[in-house]
Amino acid sequence: MDNKIISVVLPAGGQGKRMKSSQNKQYLMLNEEPILSHTWRVFARLTCVFIKEIILVVADGEQQFCEDEVVKPYISEKHPEVKVISGGKERQHSVFEGLKLVSEEVEMVVIHDGARPLVSEDVIYQTIGVASESKSAISAVPVKDTIKMINKNSNTVEKTLSRDQLVYVQTPQVFDKELIIKAYENAFKKRMIGTDDSYLVEMLGHNVDVVQGDYQNIKITTPEDLIVAKEILKERGS
């Protein structure tokens with residue numbers, strides 16, 4: 001792939017409601033290190049692409065705590081610049097705040113959930129590689145279970161969907177900088193709220209390529225997810 005200049009935006013303002021925690025889930029400890037620290041350091045270690053900056057978008061009022069507990073104890077001179085900023089009410093608003101601070105010379109933007117600390121470098125490289133050609137790529141894994149569309153009023157099945165055409169969408173999602181900014185501006189202009197970043201690109205009529213993701217790239221949302229994450233790290237020898 002071309003050695004393009006890349007910015008990484010990590011939305012990390014999620015609350016701990018389903019985690020049953022008093023603090024935001026990305027600050028919970030995973031093997032004695034905050035979840036969010038695990039996440040940003042995966043990108044900081046990349047060597048085959050040029051990551052200029054990593055932007056952590058956290059809940060309002062948590063910037064200093066994040067810098068002190070998540071960034072400073074784990075940063076080194078070899079790492080790209082790590083910025084911590086305040087996000088918005090919803091994830092979409094937070095990502096847009098991050099996009100506003102992307103450096104002018106950046107050509108591509110990687111958007112990745114702060115609560116997905118187990119993403120592999122291989123998945124990141126592949127998604128960036130595809131997006132460098134097509135301007136838009138997401139990681140996803142095939143659906144394992146049978147998915148049915150139901151009628152919410154009668155709670156009856158309307159249709160059984162073919163698993164061959166269904167995937168579980170993950171992050172990273174990677175985009176040409178100008179394309180993703182245009183997609184976000186269009187969404188806010190039309191008052192659209194997307195379920196993920198690629199949806200906003202789809203609404204521009206632009207194709208989104210799909211890259212094979214990784215079932216271990218889980219989003220830590222519940223206490224059970226934290227247990228699974230610890231076992232995955234143990235299996236990896238981390």
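The figures follow:
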| quantity | calculated |
| --- | --- |
| 1.4 Å probe accessible area per residue over the chain, in Å² | 53 Å² |
| Counting DSSP beta bridges with both ends in the chain, the antiparallel % (nearest 5) | 40 percent |
| Fluctuation leader among 116, 163, 41 - the chain, Gaussian network, Cα springs under 10 angstrom | 163 |
| Over the chain, relative contact order from alpha-carbon pairs under 8 Å, at least 6 apart, % | 23 percent |
| Too-long pairs where the Cα-Cα distance tops 23 Å, listed order kept, from 25/182; 4/189; 4/190; 52/78 | 25/182; 4/189; 4/190 |
| Two-site label geometry, residue 164 and residue 188: point separation in nm, points 7 Å out along Cα→Cβ | 4.3 nm |
| The chain - percent of accessible surface contributed by carbon and sulfur, probe 1.4 Å | 47 percent |
| Whole-Hz ³J(HN,Hα) from phi, Karplus 6.51 cos²θ - 1.76 cosθ + 1.60, for segment 32-38, glycine and proline x | 6, 9, x, 3, 5, 5, 3 |
| Antiparallel %, DSSP beta bridges [both residues in segment 1-135], to 5 | 5 percent |
| Segment 23-132: relative contact order in percent, alpha carbon pairs under 8 Å with at least 6 residues between | 33 percent |
| Within a Gaussian network of the chain (alpha carbon springs, distance under 10 Å), most fluctuating of 75, 124, 51 | 75 |
| Gaussian network model of the chain, springs between alpha carbon atoms under 10 Å - residue of 90, 62, 224 with greatest fluctuation | 224 |
| Per-residue [θ]222 nm for the chain (sum of -39500 (n - 2.57) over DSSP H runs n ≥ 4, rounded to 500) | -9000 deg cm²/dmol |
| Qualifying aspartates and glutamates (Cα of each under 12 Å from Cα of residue 144; at least 8 residues distant if same chain) | 164 |
| Whole-angstrom gap from segment 123-144 to segment 168-190, using each part's C-alpha centre | 14 Å |
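The values are calculated or read from the model by the stated rules, or taken from the named source; none is laboratory data. Fair warning: this is a prediction, and the values are worked out from it, not measured in the lab. When we count neighbours, we look across all protein chains shown, and the Cβ atoms used for this are built from the backbone with ideal geometry, even at glycine. Each accessible area value is taken on the protein alone, full model and side chains, heavy atoms only, with ligands, DNA and RNA left out. Shrake-Rupley method; radii C 1.70, N 1.55, O 1.52, S 1.80 Å.
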